[in-house]
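Quick notes on the structure that follows.
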Amino acid sequence: MNKYIYQRIIEESKYILNTKKTIREVAKVFKISKSTVHKDLKERLLSIDTNLHKEVNKILQYNLQVRHIRGGLSTKNKFLQKKA
């Protein structure tokens, strides 16, 4: 694995642990695609550090569980802004 990729994966995982952000938000911060972030955190991180992978996976699972709530709130806010 490239040294750059290895470093990026570690930075992404530390960022997601500190901020609890979603994959899309992490992708925007690091200016890479969300599919790259997903592959980094789900597949590549497992071969680098299994403990870190477990912690990051907990956050990703939580975000997966609450995404329907976030989507509903986003839609609600969108229509409230249109009324105003």
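The values are calculated or read from the model by the stated rules, or taken from the named source; none is laboratory data. Please read all numbers here as calculations on a predicted model, not as lab measurements. Glycine also receives a Cβ, built like all others from the backbone with ideal geometry; neighbour counts cover every protein chain displayed. For the accessible areas, the whole protein counts, side chains as well, though only heavy atoms, and no ligand, DNA or RNA atoms are used. Shrake-Rupley method; radii C 1.70, N 1.55, O 1.52, S 1.80 Å.
A few comments on the model shown:
- Debye-formula intensities of the chain, expressed as log10 I(q)/I(0) at q = 0.17, 0.20, 0.25, 0.27 Å⁻¹, are -0.69, -0.87, -1.22, -1.35 (one equal scatterer per alpha-carbon, no solvent).
- The residue list 47, 81, 64 was ranked by how far each Cα lies along the charge dipole of the stretch 43-84 toward its positive end, using unit charges on Cβ atoms, and 81 comes out on top.
- Computed over protein heavy atoms with a 1.4 Å probe, the accessible surface of the chain works out to 75 Å² per residue.
- Accessible heavy-atom area order of 68, 53, highest first, probe of 1.4 Å: 68, 53
- In the stretch 2-42, the inverse of the mean reciprocal separation of distinct Cα atoms equals 9.9 Å; this is its Kirkwood hydrodynamic radius.
- Inter-probe distance in nm under a simple model that places probes 7 Å from Cα toward Cβ, at residue 79 and residue 42: 3.1
- Computed about the Cα centre, the dipole magnitude for the chain is approximately 580 debye when only Lys and Arg (+1) and Asp and Glu (-1) carry charge, each at its Cβ.
- Just checking the listed ones, 47, 13, 35: in the Gaussian network model of the chain with Cα springs under 10 Å, the one fluctuating most is 47.
- Taking the longest Cα principal axis of the chain as reference, the axis of helix 3-19 is set at about 40 degrees.
- The longest part of the chain holding none of the exposed loop trypsin sites (Lys or Arg not before Pro), meaning those outside H, G, I, E and B in DSSP with at most 12 other Cβ atoms within 10 Å, is 32-84.
- The mean sequence separation of alpha-carbon pairs under 8 Å and at least six residues apart, normalised by the residue count of the chain, gives a relative contact order of 27 percent.
- Entries of 3/39; 14/39; 21/83; 20/42; 14/34 with Cα pairs more than 20 Å apart: 21/83
- Spatial separation of Cα centroids for the stretch 1-19 and the stretch 24-80, in angstrom: 14
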